Structure formats: C-alpha cells, structure tokens
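The values are calculated or read from the model by the stated rules, or taken from the named source; none is laboratory data. As the structure is a prediction and not an experimental result, all values here were calculated from the model. Here Cβ is always computed from backbone atoms with ideal geometry, including for glycine, and neighbour counts include all displayed protein chains.
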C-alpha cells in the first residue's frame, strides 16, 4: 500500500486528507479521505499514476471518506479517465451526496459505480503501510 498525508510533510499538522493505494483482489483501489482541493491534487495525481502501473486493468477511486472535493480534484480524475486506447479502466465508488453532485455538475458521474443493493459487509481499507509519495504541489 502507498500512502500520502499532509502529516508526512508537516508532522505537527492536524489530521487532514489522505490518499492510499492498495490491491483489492483483481482491482487497485485509491482510497481518498477528507477534504481535497488544489493543495492535495498533486498527491492524488501521483497516487492515480501509481495505481495505473500496479498490474491491474481496473482502478477504483473510493470516495466514501471524501468530505469535499473541488475542481482541481475533478480535473486530476478527468485527466486520468479511460480513453478508447487505454487498457486501464477507472471508476469512482461510494461518493457522498455532495461529492456526487460535484461530479454530476462536472459531467463525471458516468464514472460512478452503481451502489450495491445490499452489501454483505462494509468495505474497509486495509491498514496502511507508510510509504510516502512525493509532496503534493
């Protein structure tokens, strides 16, 4: 798992947004938590680039823990959205209502996976193994 937090840049900073990358069966999952804006866009872009090179054809961005995202984050996702010649699929899962509205306004809601009718168990990310990404910015 690869993880980047603001605390790695400044250990005295209060808890903030995190981005983690891990394998989930045949998929690579990018776990995005907290408020994300232009200040975290670089870290998310790096995480998505790493995820695309992990040997799976599916990259899923899990937005369940995302409380805010702005246009810079939408742009990072859009730039990595699949194209006709791309072998890697990108999808978004479990956005909150507010995050889903931002994605819809930006025309990105087509990447959102349908919600499961009855999940058998909650999806919980594995415990992270610290491996810092380059600082966002």
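Scanning segment 31-59 for residues that are crowded, with 21+ Cβ neighbours inside 10 Å and assigned to a strand (DSSP E or B) turns up 31, 32, 36, 59. Considering each residue of segment 2-17 in turn, at least one proves to be crowded, with 19+ Cβ neighbours inside 10 Å and modelled with pLDDT of 90 or more. Going by the structure shown, is residue 76 in contact with a helix residue (DSSP H, G or I) (Cβ under 6 Å, 6 or more places away or on another chain), at pLDDT 95 or above and either surrounded by 16 or more Cβ atoms within 10 Å (Cβ to Cβ) or more than 14 Å from residue 44 (Cα to Cα) (or both)? Taking the combined requirement at face value, the residue satisfies it.
The set of residues in segment 93-108 that are touching a strand residue (DSSP E or B) at 6+ places or on another chain (Cβ under 8 Å) and within 13 Å of residue 74 (Cα to Cα) comprises 95, 99, 100, 102, 103, 108.
Within segment 60-69, the set of residues being in contact with a helix residue (DSSP H, G or I) (Cβ under 8 Å, 6 or more places away or on another chain), within 14 Å of residue 35 (Cα to Cα) and buried (at least 18 other Cβ atoms within 10 Å of the Cβ) comprises 63, 66, 69.
Of the numbered criteria (1) at pLDDT below 80; (2) out of contact with any strand residue (DSSP E or B) (no Cβ under 8 Å at 6 or more places or on another chain); (3) on the phi < 0 side of the Ramachandran plot, the one residue 114 fails is (1).
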